[in-house]
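The values are calculated or read from the model by the stated rules, or taken from the named source; none is laboratory data. In this text, all values refer to a predicted model and were calculated from it rather than measured experimentally. Methodologically, a virtual Cβ is constructed for each residue, glycine included, from the backbone with ideal geometry; neighbour enumeration extends over all protein chains shown.
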Amino acid sequence: MEVRRTVPVALDVDSDDAALLEDTVDTFLWSAQYVVDHAFHGEYVTTSKTTLDDETYDDVREKTDGFNGGLVQAARNKAAEACKSVVARWKNGKKASKPRFTSPHVVYDHRTATFHDDYVSLATTDGRIEADYVLPDEDSDTPHSEYLFSDEYEITGAELHSQDGNWVLHIHCKKEVESDTSKQATTENGTVLGVDLGVNNLAVTSTGTVWTGNEFDHWRREYEKRRGSLQQCGTRWAHENMQSVGRKEDGRFKLMLHRIANELVAEARENECSVIAFEELADIRERTGASWGHKWAFDRLYNYVEYKAEEYGIAVTQVAPENTSRRCSHCGFTHPHNRDDDDFECLKCGYANHADYNAAKNIGLRYLRRNQTGGDGGAPLGVRLNSGTLNVNGGYSPAEESARTAVHAESHRFSGG
């Protein structure tokens with residue numbers, strides 16, 4: 001099994017090298033956009049990297065005065081992946097427009113970057129530069145010591161990002177790990193943890209644990225208020241401070257979502273779950289009334305859970321969301337009037353509980369129904385609840401031991417089956 005990690009490393013860059021990097025960023029983004037524009041020219045969108053390389057490589061090199069060949073190909077790859085994503089959305093009946101590359105970054109691999117113990121050599125529009133890493137103390141427990149400088153991990157590439165004059169290299173690392181026997185046993189004989197995402201509650205699991213959206217909403221409103229005040233000033237100082245506010249907001253929310261992801265994975269491990277099942281994220285804004293900020297948070301949370309769970313042999317997947325909020329997890333009766341805001345009460349059998357908790361159980365049940373005919377002998381036994389399991393037919397089995405009483409930070413637990 002392959003485990004991947006990304007480690008952000010600040011770079012010490014002088015003014016001359018910074019000017020070269022800025023020029024490199026502009027040229028990289030222009031190159032990627034040129035390829036996208038070419039891909040969208042004609043009756044259909046070209047997504048083949050080989051075709052795009054044949055049709056654009058020489059033109060890009062000529063128009064950029066001989067931009068580094070490796071970076072031209074990296075820009076082409078970036079463009080091709082963006083085009084594939086658009087076409088995939090079209091095939092699923094979703095709306096998508098031609099990609100635009102505006103975020104300042106450059107993609108590097110081992111042809112265009114050389115990674116040393118305390119500095120990196122980067123290709124630019126005019127030769128190479130060397131930039132020292134800005135690192136924390138060697139004795140501190142950080143991702144740098146755990147992944148970047150570990151003999152177990154291999155550096156595969158990096159993305160250089162510019163943040164208001166500051167340069168940060170996001171270095172990608174990977175290692176191969178053997179499947180642990182105990183983890184394999186859990187995968188073959190475990191259960192599924194259902195997770196419902198929403199606005200009032202960011203995440204609710206089938207075990208009844210809730211991560212409320214209160215903190216997220218508070219800081220989202222606070223940062224919007226700060227940006228609004230600065231925007232009214234219209235000065236260069238205000239513009240620079242708006243960018244600073246954006247970086248602080250991004251950093252705060254990423255830390256928050258990392259914490260929730262860690263707790264979600266811990267919940268799965270404590271309950272010996274082999275699968276964590278989410279609802280599909282593609283149209284979640286339309287279904288839940290979520291903002292773009294919430295959609296960003298849902299995507300980030302899913303990605304964080306996915307790579308954190310991988311280390312423990314836990315699969316992470318998505319299931320179709322239809323009627324998970326309207327279906328009774330107890331008897332299966334589905335009706336729009338079963339749900340009233342946060343309250344769920346089945347019109348047929350009378351089962352009542354929090355609507356998000358009921359939805360989380362339905363998400364887990366949908367995964368079971370989707371996989372019960374797989375025939376591989378390793379299908380999970382049921383949906384994990386706080387006090388037992390729920391099988392594919394809705395039958396409840398109590399746990400052998402009493403329910404846990406621990407409550408996660410910034411979260412609480414729903415009771416009931």
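Structure summary
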quantity	calculated
From TYR133, TYR153, residue being in the same structural domain as SER15 (by TED's automatic domain parsing), of a type outside the set (A, V, I, L, M, F, W, C) and modelled with pLDDT of 90 or more	TYR133
Candidate set: the stretch 251-269, residues that are touching a Ser or Thr at 6+ places or on another chain (Cβ under 9 Å) and not aliphatic (A, V, I, L, M); chosen: the one surrounded by the most Cβ atoms within 10 Å (Cβ to Cβ)	GLU267
Residue within the stretch 124-147 that is in contact with a Phe, Trp or Tyr (Cβ under 9 Å, 6 or more places away or on another chain), of a type in the set (Val, Ile, Thr) and part of a helix (DSSP H, G or I) present	no
Flag if THR6 is assigned to a strand (DSSP E or B), within 21 Å of the chain's Cα centre (by Cα) and not basic (Lys, Arg)	yes
Candidate set: the stretch 308-350, residues that are of a type in the set (Phe, Trp, Tyr) and over 19 Å from THR191 (Cα atoms); chosen: the one surrounded by the most Cβ atoms within 10 Å (Cβ to Cβ)	PHE344
Some residue of the stretch 38-54 being charged (D, E, K, R), in contact with a helix residue (DSSP H, G or I) (Cβ under 9 Å, 6 or more places away or on another chain) and either assigned by TED's automatic domain parsing to the domain that holds GLU152 or assigned to a helix (DSSP H, G or I) (or both)	yes
Test result for LEU390, at pLDDT 80 or above and closer than 22 Å to VAL316 by Cα	no
In the stretch 75-84, residue surrounded by the most Cβ atoms within 10 Å (Cβ to Cβ) [restricted to those that are touching a residue at least 40 places away in the same chain (Cβ under 8 Å) and of a type outside the set (A, V, I, L, M)]	ARG76
Residue match in the stretch 31-50 (condition: under 19 Å from LEU122 (Cα atoms) and touching a Ser or Thr at 6+ places or on another chain (Cβ under 9 Å))	yes
Unmet criterion (only one of (1) crowded, with 17+ Cβ neighbours inside 10 Å; (2) more than 21 Å from the chain's Cα centre (by Cα)) for GLU62	(1)
Scope the stretch 85-118; condition surrounded by 14 or more Cβ atoms within 10 Å (Cβ to Cβ) and of a type in the set (Phe, Trp, Tyr); matching residues	PHE101, TYR108, PHE115
All positions within the stretch 91-107 that are within 16 Å of ALA79 (Cβ to Cβ), out of contact with any helix residue (DSSP H, G or I) (no Cβ under 6 Å at 6 or more places or on another chain) and not in a loop (DSSP other than H, G, I, E, B)	HIS105
Test: ALA268 is farther than 14 Å from VAL195 by Cα and small (Gly, Ala, Ser)	no
Matching option when the condition is of a type outside the set (Ser, Thr, Tyr), out of contact with any helix residue (DSSP H, G or I) (no Cβ under 6 Å at 6 or more places or on another chain) and at pLDDT below 85, among GLU178, GLU267, GLU249, GLU263	GLU178
